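The values are calculated or read from the model by the stated rules, or taken from the named source; none is laboratory data. Worth saying up front: this structure is predicted, and the values here are computed from it rather than measured. We place every Cβ from the backbone using ideal geometry, glycine too, and count neighbours over all the protein chains shown. Note: areas computed on protein heavy atoms with side chains; ligands, DNA, RNA excluded. Shrake-Rupley method; radii C 1.70, N 1.55, O 1.52, S 1.80 Å.
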Amino acid sequence: MHPIFVITLGWVWLWTSAMSSGTSPQARRHDPNTPEAIPIVVSPDGFLKQTLSLPEGAHVYVVLNRTGFRDITVYLERMPGNTGTPPQREFGDTVGASRARLVKNAKLTPGTYRLRVEGRPSWVCAIQVR
């Protein structure tokens, strides 16, 4: 079996399991010390989900580049309050031709974050961590 097929089949199973249980991944009880996979799809129009609400703790961001562009660079940043300081980068990396997906871990504390694509100012996903 081709590795991409196996990975895709795995994601379909994971997503179907979450949906058939009647709860979304964000609605289930979350252990802050156990990483939870957060699928992020970037389409030719930007992020499929433009807002997310997540519990505090460890998360594994799985970013899929479905833009049609060879590579995109994705950043997760913690947004400052009204202090005038720049956003704090949690991670930044490229996804595309060299690999089918980007997998990054981040342990987030309550606050506001943004996931953005470099060079595409309107491609932003706002993340609220509670």
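Among the residues of segment 67-90, those that are surrounded by 15 or more Cβ atoms within 10 Å (Cβ to Cβ) and either among the β-branched types (Val, Ile, Thr) or under 14 Å from the mean Cα position of the chain (by Cα) (or both) comprise THR67, ILE72, THR73, VAL74, TYR75, LEU76, GLU77, ARG78, GLU90. The residue list GLU56, GLU36 contains one member that is open to solvent by less than 50 Å² (accessible area, probe 1.4 Å), charged (D, E, K, R) and modelled with pLDDT under 95, which is GLU36. In segment 91-123, which residue that is β-branched (Val, Ile, Thr) and open to solvent by 50 Å² or more (accessible area, probe 1.4 Å) is farthest from ARG66 (Cα to Cα)? Only one residue fits best here, namely THR109.
Given the structure, is THR85 among the hydroxyl-bearing types (Ser, Thr, Tyr) and assigned to a loop (DSSP other than H, G, I, E, B)? For THR85, the condition - among the hydroxyl-bearing types (Ser, Thr, Tyr) and assigned to a loop (DSSP other than H, G, I, E, B) - is met. Only one of the numbered conditions (1) modelled with pLDDT of 50 or more; (2) open to solvent by less than 50 Å² (accessible area, probe 1.4 Å); (3) out of contact with any Ser or Thr (no Cβ under 7 Å at 6 or more places or on another chain) is violated by SER43, and that is (3). Could you run through segment 96-130 and say how many residues are out of contact with any helix residue (DSSP H, G or I) (no Cβ under 8 Å at 6 or more places or on another chain), in contact (Cβ under 8 Å) with a residue 40 or more places away in the chain and part of a strand (DSSP E or B)? Qualifying residue count for the region: 19.
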